[in-house]
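Notes follow the structure.
The values are calculated or read from the model by the stated rules, or taken from the named source; none is laboratory data. Here the structure is a predicted model, which means the values were calculated and not measured. Every residue, glycine among them, receives a Cβ derived from its backbone with ideal geometry; neighbour counts consider all protein chains shown.
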Amino acid sequence: MMLKHFLALSEWPTDELWHIIKLAEHLKLELRGGGNKPILKNKILALVFQKPSLRTRVSFDVGMKQLGGDAIMLGPQEIGLGKRESIADIARVLSGYTHGIMARVFDHAHVVEMAEYASVPVINGLSDAWHPCQAMADLLTIYEHFGRLNGLKMAYVGDGNNMAASLSIAAARFGMGFSIGMPDGYMLPEEVIDRAVELAEESDGRIELVHDPVAAVRNADVVYTDTWVSMGQENETDKRREDLRPYQLNEALLAQAGKHAIAMHCLPAHRGDEITDAVADGPQSVIFQQAENRLHAQKAILVQLMANH
Ligand code: CP
Ligand code: NVA
């Protein structure tokens, strides 16, 4: 089977992403019915982290174990990605011991380089540019809630970061409307918007860029936000908190979308900043379902990449 990597949703055809969502649904049901079949028996996944993590670290580890395999954690202090040793050498060494590499990095080019030199599948567990595994868990969550993706409207308010980028592509691939409410200086990179618009044209989706958060969430089925200060941006904290304050997902903003809308956040949440307690813990919140769905969505990705490799 051809070696495949999971680095960005823009690189995967929509039908294959859809297959992953359906497989995730199946694996979730199977797990709840008593346990998964050991499809990845004796397979080992390396977990390489340049940044902290709760969900990604635990869900990949647990997911591998539930599928009959195992995972090895390699934190920032252990391998010194690109410092103690080159990324190319690390990729080639890990390929000799493991059957897959999940990497969380700062620079997206580093996970691309890892894929270039690895002879096992590489999964992007978050880079500064994209967070594709989270977006897959989110698509699964939306699908579970509404029973469809096509025709729904997702509004994203706040910082045009890696999460917003992956969601714009995810929505565009599945014929969803995607409305972005962001201030100047926090918009998604131009090339991401261009790609999302191009994909939306193919799927009958719609990408809308607005500055007004209320306009962004009007008639939305899904209202999404993420931290204002992504990992690596800590020295910009004060400015970001000030600039993005009008984009807080609070009860008043969510009310503009309507009672049927769901509120989403990839976590970790900075309660009182980008999301209030009332929304995060309110009846429209699905944030913990999203977190759980990381497990199921990633297991489907792992099976897809590693089962026959
Ligand atoms: N949402 C997410 O990726 O969480 P972690 O940073 O804890 O892995
Ligand atoms: N945008 C956030 C997502 C954390 C899961 C970050 O990159 O820190």
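Every condition in (1) within 16 Å of ligand 1 (Cβ to nearest atom); (2) of a type in the set (Asp, Glu); (3) modelled with pLDDT under 95 is met by Glu234 except one, and the failing one is (3).
There is no residue in segment 249-259 that is over 20 Å from the mean Cα position of the chain (by Cα), closer than 25 Å to Pro52 by Cβ and surrounded by fewer than 14 Cβ atoms within 10 Å (Cβ to Cβ). So for segment 239-262 (the condition being among the β-branched types (Val, Ile, Thr), in a loop (DSSP other than H, G, I, E, B) and at pLDDT 95 or above), does at least one residue qualify? No - not one qualifying residue is present in segment 239-262.
Return yes or no: is Ile193 away from ligand 1 (no atom under 16 Å from the Cβ), under 30 Å from Leu253 (Cβ atoms), in a helix (DSSP H, G or I) and not hydroxyl-bearing (Ser, Thr, Tyr)? Against the criterion (away from ligand 1 (no atom under 16 Å from the Cβ), under 30 Å from Leu253 (Cβ atoms), in a helix (DSSP H, G or I) and not hydroxyl-bearing (Ser, Thr, Tyr)), Ile193 qualifies. Just to be sure, is Asp138 within 15 Å of ligand 1 (Cβ to nearest atom), surrounded by 24 or more Cβ atoms within 10 Å (Cβ to Cβ) and farther than 16 Å from Arg294 by Cα? No, not satisfied. When you scan segment 60-69, do you find a residue that is closer than 24 Å to Leu167 by Cβ, within 16 Å of ligand 2 (Cβ to nearest atom) and out of contact with any Gly (no Cβ under 6 Å at 6 or more places or on another chain), even just one? There is at least one residue in segment 60-69 that is closer than 24 Å to Leu167 by Cβ, within 16 Å of ligand 2 (Cβ to nearest atom) and out of contact with any Gly (no Cβ under 6 Å at 6 or more places or on another chain). Selection of segment 90-108 for residues being closer than 23 Å to Leu17 by Cα and more than 16 Å from ligand 2 (Cβ to nearest atom) yields His99, Gly100, Ile101. Is it the case that Leu9 is of a type outside the set (S, T, N, Q), modelled with pLDDT of 95 or more and within 16 Å of ligand 2 (Cβ to nearest atom)? Yes; evaluated as a whole, the condition is true for this residue.
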